[in-house]
Amino acid sequence: MTELTTPIIIVNFKVYSEVEGPGAVRLAKECESVALEKKANIAVCPPMVELSRVASEVTIPVLSQHVDDRSPGSITGYVSPQSVKAAGAMGTLINHAEHRMPPQEIAAAIEACRKLGLVSVVCTDTAETSAAMAVFSPDFIAVEPPELIGGDISVTTADPAIVSRTVEMVKAVDAQVKVLCGAGVKNGRDVRAALDLGASGVLLASGVVKAKDVKAALLDLVSAL
Ligand code: G3P
């Protein structure tokens, strides 16, 4: 398995207008600069159409936002794990709340990533679904209550128990799987709370992509690592 060092902050750029075209590399470079300056683990998930460009421009880990359980070939518009690897990404999100997949496809995508040496980060919505996904032994499980995504209240404040229960239930299935949490994470206090609840880091988006001062937001977030 390719390693993603923890504790880590994974910034999902989603497909916000701020990261269209050159905006993706610009934001990735801001993440890289803070990661290097503070010796912090930050990974980025650029929009799919910018994956290769971002991966070639920064030295921090780059992850795909999605991958399909499809082999290379006549699969118009799909994303094969092989193409993610060839683009220079270190791994991929799987089953994000905004891009859900059927369980059998999640399992197959995790296995394909394992074979290719790609890091798999499976997104889930509850401690129970997290435990169910842990059976497939992805590298990471990121639990995110969908109703808190994009909001101003961090999962660590609104529902800290979902984080600690997910850690407990996932580790009971496979102690090697690392747990992240996300939804509404905005600052260093939220990151600290996530780590105190047993998570190995956070997955966040709007707190960085939509920040008025991106560098200040990143510095605050990494101050808790
Ligand atoms: O992938 C991270 C995401 O779903 C959480 O989004 O904006 O609440 O940090 P946000």
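Read-outs: derived from the displayed coordinates by stated rules, not from any lab. Since the structure is predicted, the reported quantities are computational estimates derived from the model, not experimental observations. No Cβ is skipped: glycine too gets one built from the backbone with ideal geometry, and neighbour counts run over all protein chains shown.
Charge dipole of the chain (Cα centre as origin; +1 on each Lys and Arg Cβ, -1 on each Asp and Glu Cβ, all else neutral): 440 debye, rounded to the nearest 20. Considering only alpha-carbon pairs that sit under 8 angstrom and 6 or more positions apart, the relative contact order computed for the chain is 19 percent.
In summary, the lysines within cross-link reach of K212, defined as a Cα separation below 25 angstrom excluding same-chain residues under 8 places away, comprise K14, K29, K38, K39, K186. Taken along the Cα-to-beta-carbon direction at a fixed 7 Å, the label points for R189 and R100 span 3.3 nm. Computed over all pairs of different Cα atoms, the Kirkwood value for the hydrodynamic radius of the chain is 17.0 Å. Taking 0.36 nm per residue of separation and subtracting the Cα-Cα distance, full extension of the segment from L36 to A172 would add 45.5 nm.
Just checking the listed ones, A194, A112, A175: in the Gaussian network model of the chain with Cα springs under 10 Å, the one fluctuating most is A175.
For K29 and T157, the FRET efficiency from 1/(1 + (r/R0)^6), where r spans their Cβ atoms and R0 equals 41 Å, is about 0.85.
Taking each residue as 0.36 nm, the span from S223 to S71 lengthens on full extension beyond its C-alpha to C-alpha distance by 50.6 nm.
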